[in-house]
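Read through the structure below, which is laid out as structure tokens, and then see the notes.
Since every read-out is calculated from the coordinates, none of them should be taken as a lab result. Here the structure is a predicted model, which means the values were calculated and not measured. Cβ sites come from the backbone with ideal geometry, for glycine too, and all protein chains shown count toward neighbours.
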Amino acid sequence: MEPFVRSGKAPMLLRLEPWAEEHPEITAGFTGREGGAGTAPYDSFNCAFHVGDDPDNVMNNRTMLVDSLGFALEDWTCGEQTHGATVAVVTENDRGRGRLDRASAFQATDAMITNIPGVLLTSFYADCVPLYFYDPINCAVGLAHAGWKGTVAEIAAAVVQAMEQAYGSRPEDIRAAIGPSIGDCCYEVDDYVMNHIRRLEAECGESPGQDEVLYSPSAADSSKCMLNLKEMNRRIMIKAGILPTHIECTSWCTSCNTDIFFSYRAENGITGRMTSWIGIKES
């Protein structure tokens, strides 16, 4: 069953439904592209400053999202993403970093963790993979942005390790989710990327080249492969100690569904960004 369930059009949200039912103390999900203030080519619910959208539209959209979730704009906390594997530990003093501009965000940061109620972790996407983490024992959450570079840098494992160090989280207790992103139906990559993936595949205990679930030859170009980046991140999570039964994985492909999502590939790089979010609700 699809874990990211669409609700509403103004703004369009996809809530992580299994977590909403099992863990009502947190909120987690992903935005669609409809119901916001932006105009083409950022129409309309773009929440990222870095794409060239009118900053006033971005702020209006951010305000719409926090209002929909029962948070305040002062809670919005984000990083300046660089496709790396740096994890920021967000404290009370960090609440709201990046909410008004890029300069105040965590710099060169693609993942964040926190155990502070009321802090809303957010990050931005137009095909890359959003990764969600929740430790219900220690009430801590994490969020990561994983393109192919972040994936092969094992950002998912870096988040697990950071939660262990900061909060005493045990990997077997952590719940994880993999959100809407480009699918293997659309994600064609070359040998440079695949060499990294095959190395990582071997480290995960697989036999490189034998698993069509992870990648297959491109029908358009036999020298390239169609890569399942969501599955690679799932395997890294398992390698890091998260139980397979504790991982939710979406079936949404952002490139196939540009009526619902922004897609960097499908829209030739000129488009808005969806927002992932996770936060612990205040009592």
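Some points to look at:
- The ratio of the alpha-carbon radius of gyration of segment 1-159 to the globular-protein estimate 2.2 N^0.38 Å is 0.98.
- Antiparallel beta bridges, as assigned by DSSP with both residues in the chain, represent about 75 percent of the total such bridges.
- Orientation-averaged projected area, Cα convex hull of segment 188-227 (nm²): 2.5
- At q = 0.14, 0.20 Å⁻¹, base-10 log of I(q)/I(0) for segment 160-283 (Debye sum, equal scatterers on each alpha carbon): -0.75, -1.23
- Selection from 194, 226, 283, by position along the positive dipole direction of the chain (Cβ): 283
- Put a plus charge on the Cβ of each Lys and Arg, a minus charge on the Cβ of each Asp and Glu, and nothing anywhere else: the dipole of segment 188-227 about its Cα centre is then about 60 debye.
- Within segment 1-36, trypsin sites (Lys or Arg not before Pro) in DSSP loop having at most 11 other beta-carbon neighbours inside 10 Å: 9
- Relative contact order of the chain, taken over Cα pairs closer than 8 Å and 6 or more residues apart, is 23 percent.
- Efficiency of FRET from Cβ geometry, residue 212 and residue 258, R₀ 25 Å, rounded to 0.05: 0.40
- Structure-based [θ]222 nm, the chain - -39500 (n - 2.57) summed over DSSP H runs of at least 4, per residue, nearest 500: -6500 deg cm²/dmol
- Stokes-Einstein diffusion of segment 98-200 at 37 °C, 0.692 mPa s viscosity, Kirkwood radius from Cα pairs, rounded to a whole number: 220 µm²/s.
- Cα-derived Rg to Rh of the chain, Kirkwood definition: 0.95
- In the elastic network of the chain, a GNM with C-alpha springs shorter than 10 Å, the most mobile of 103, 157, 88 is 103.
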